[in-house]
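Here the structure is laid out as structure tokens; the discussion comes afterwards.
Just so it is clear, none of the values below were taken in a lab; they were calculated from the coordinates. What you see is a predicted model, and the numbers here were worked out from it, not measured in a lab. As a convention, Cβ positions derive from the backbone with ideal geometry for all residues, glycine included, and neighbour counts pool all protein chains shown.
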Amino acid sequence: DAGITQSPRHKVTETGTPVTLRCHQTENHRYMYWYRQDPGHGLRLIHYSYGVKDTDKGEVSDGYSVSRSKTEDFLLTLESATSSQTSVYFCAIKPPGKTEAFFGQGTRLTVV
Amino acid sequence: TQLLEQSPQFLSIQEGENLTVYCNSSSVFSSLQWYRQEPGEGPVLLVTVVTGGEVKKLKRLTFQFGDARKDSSLHITAAQPGDTGLYLCAGYSGAGSYQLTFGKGTKLSVIP
């Protein structure tokens, strides 16, 4: 178990409301990632972080923001949720000196 | 973003058959990783290949990295129902990059 916890695991929200997903790690790793997974698209990178307050955009960052005020927490915020953001969201961490990533169990978000 | 193309997208075979899944790119990767994902779970690393021409074996799974480090393959011998899942290849985009990019995946079903 890589020590990654995503919360909530499931959420239904209405269009236009703000939503924040949380990723918590117990490993103290620098690198953390947020992905979304949709049928036919695989895993697509939204944002990633390489340290506290150091974040960068991935390939599908529009409509999303992130924050990392502590090493252990990486938050993903949908400022105003849209139906196109209905997806399964995965958080991942990367240990130093290694290439592999370890994933959380995902958050299933439905925007109605 | 360096695109990773996987084929086939779907594969349904009988137990005991052999199969090969491909991961191709027009760009050179310093390493490629293969993950397996089961429904409701995050991807889990199977193997990382680093050297051009490298072959790694994991029981009935054989992974190969192309000589030019632009492609990789996963071969499963005598597939079992327990091999059913989504197989994903992944690599880092560009030298010094920490953006881990995934292919769209191959969904494998092994029928008993």
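Things worth noting here:
- Residues A:Y48, B:Y92, A:Y35 in ascending order of nearby Cβ atoms (within 10 Å, fewest first): B:Y92, A:Y48, A:Y35.
- In the protein assembly as shown, taking the dipole from charged Cβ atoms about the Cα centre, the farthest positive-side position among B:T77, B:Q99, B:L19 is held by B:Q99.
- Averaged over the residues of peptide B:37-45, the number of Cβ atoms from other protein chains lying within 10 Å of each residue's Cβ is 6.
- Prolate/oblate/rounded call for the stretch B:38-95, Cα gyration tensor, a/c under 1.5 rounded: oblate
- Cα pair distances in the protein assembly as shown, grouped into 5 Å bins until the bin that holds the longest one, percent each: 1, 7, 15, 18, 19, 16, 12, 7, 4, 1, 0
- Shown is the FRET efficiency for A:T13 and A:K98, computed with R0 = 41 Å from the Cβ-Cβ distance and rounded to the nearest 0.05: 0.70.
- Exposure proxy for A:H47, A:H10: other Cβ atoms within 10 Å of each Cβ, ordered fewest to most, give A:H10, A:H47.
- Segment A:R22-A:S69, length gained on full extension (0.36 nm per residue, minus Cα span): 15.7 nm
- Distance cut-off 17 Å, percentage of C-alpha pairs in chain B lying past it: 50 percent
- Separation of the B:A68 and B:V55 label points, Cα + 7 Å toward Cβ, nm: 2.1 nm
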